[in-house]
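Q: If you scroll down you'll find the structure; I have some questions about it.
The values are calculated or read from the model by the stated rules, or taken from the named source; none is laboratory data. These figures come from a predicted structure and were not determined experimentally. Glycine also receives a Cβ, built like all others from the backbone with ideal geometry; neighbour counts cover every protein chain displayed. For the accessible areas, the whole protein counts, side chains as well, though only heavy atoms, and no ligand, DNA or RNA atoms are used. Shrake-Rupley method; radii C 1.70, N 1.55, O 1.52, S 1.80 Å.
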Amino acid sequence: GIVEPMSEAALIESIRLELSAQRALGKETILLTPGNYGESFAKETFGLTGGVLCSNFLGDAIDFAQSLGFRRLLLVAHAGKLVKTAGGIFATHSKMADGRMEILTAHGALAGAAQKCLESLMECISTDAAFDILETAGLLQQVTASLMEKIDFHLSRRGGEMETGAIMFTNKRGELGRTKNAGKLLEALNTEKQIGCG
């Protein structure tokens, strides 16, 4: 396809405009996905459509949603993006911040991973490779649960009065984890869809 160059400011403004349009339709719950992977996963797994793509500007999108009066926000994102949020990173482009392996290694250490395992995690170049190491060590579920707790904490703090939640997935493994209230947010999105708010 043709790629049209767009400034960061223009992209951020397009996110705000799309959120405004969704709010104008009467939506109180918004689905956010960073990109096409999240959009496809949300549609194929949960039957959700009509979300807003926020690219690497998760923090801006959350701030906009809050200021527009959304009551609830569900983030569905690939682990490559969402792991960063477990470290409080809301500008997820690698030129701004990465920290994925540092965050995964820290959670691995909290789960009791051996030194060799931690060293291997730090050397990974992808979250998929890191999850393979954690699975081999028998720590994947524990680390994922730990990550989701921190993601929940940071989203909640950034979202203020909005109820926030997240579902993390990989293309290889499908759903890896969800925050404690993600199921409730999925229900809210489906209810609004059925009553014609989007």
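Q: Among (1) part of a helix (DSSP H, G or I); (2) β-branched (Val, Ile, Thr); (3) open to solvent by 30 Å² or more (accessible area, probe 1.4 Å), there is one condition ILE89 misses while meeting the rest; what is its number?
A: Of everything listed in (1) part of a helix (DSSP H, G or I); (2) β-branched (Val, Ile, Thr); (3) open to solvent by 30 Å² or more (accessible area, probe 1.4 Å), ILE89 misses just condition (1).
Q: Tell me, which residue of the range 186-198 that is touching a Lys or Arg at 6+ places or on another chain (Cβ under 8 Å) and part of a loop (DSSP other than H, G, I, E, B) is modelled with the highest pLDDT?
A: This residue is CYS197.
Q: If you don't mind, another one. Give me a count of the residues in the range 127-158 that are under 17 Å from GLY87 (Cβ atoms) and either touching a Pro at 6+ places or on another chain (Cβ under 6 Å) or among the small types (Gly, Ala, Ser) (or both).
A: 4
Q: Working carefully through the options ARG71, ARG100, find the one that is among the basic types (Lys, Arg) and out of contact with any helix residue (DSSP H, G or I) (no Cβ under 8 Å at 6 or more places or on another chain).
A: When all the criteria are applied, what remains is ARG71.
Q: Then there's this: Going through the range 123-144 one residue at a time, which ones are in a helix (DSSP H, G or I), of a type outside the set (Ser, Thr, Tyr) and surrounded by fewer than 13 Cβ atoms within 10 Å (Cβ to Cβ)?
A: The answer is GLU123, and nothing else.
Q: How many residues are open to solvent by less than 20 Å² (accessible area, probe 1.4 Å) and part of a helix (DSSP H, G or I) if we restrict to the range 165-185?
A: 2
This table checks each residue for (1) within 28 Å of LYS43 (Cβ to Cβ); (2) open to solvent by 40 Å² or more (accessible area, probe 1.4 Å); (3) hydrophobic (A, V, I, L, M, F, W, C); (4) modelled with pLDDT of 95 or more.
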{"residue": "PHE70", "(1), (2), (3), (4)": "yes, no, yes, yes"}
{"residue": "LEU75", "(1), (2), (3), (4)": "yes, no, yes, yes"}
{"residue": "HIS78", "(1), (2), (3), (4)": "yes, no, no, yes"}
{"residue": "LYS81", "(1), (2), (3), (4)": "yes, yes, no, no"}
{"residue": "LYS84", "(1), (2), (3), (4)": "yes, no, no, yes"}
{"residue": "LYS95", "(1), (2), (3), (4)": "no, yes, no, no"}
{"residue": "GLU102", "(1), (2), (3), (4)": "no, yes, no, yes"}
{"residue": "HIS107", "(1), (2), (3), (4)": "no, no, no, yes"}
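Q: Further, regarding this structure: When you scan the range 117-124, do you find a residue that is at positive phi, out of contact with any Asp or Glu (no Cβ under 6 Å at 6 or more places or on another chain) and without any contact (Cβ under 8 Å) to a residue 40 or more places away in the chain, even just one?
A: No, there is no match, as no residue in the range 117-124 is at positive phi, out of contact with any Asp or Glu (no Cβ under 6 Å at 6 or more places or on another chain) and without any contact (Cβ under 8 Å) to a residue 40 or more places away in the chain.
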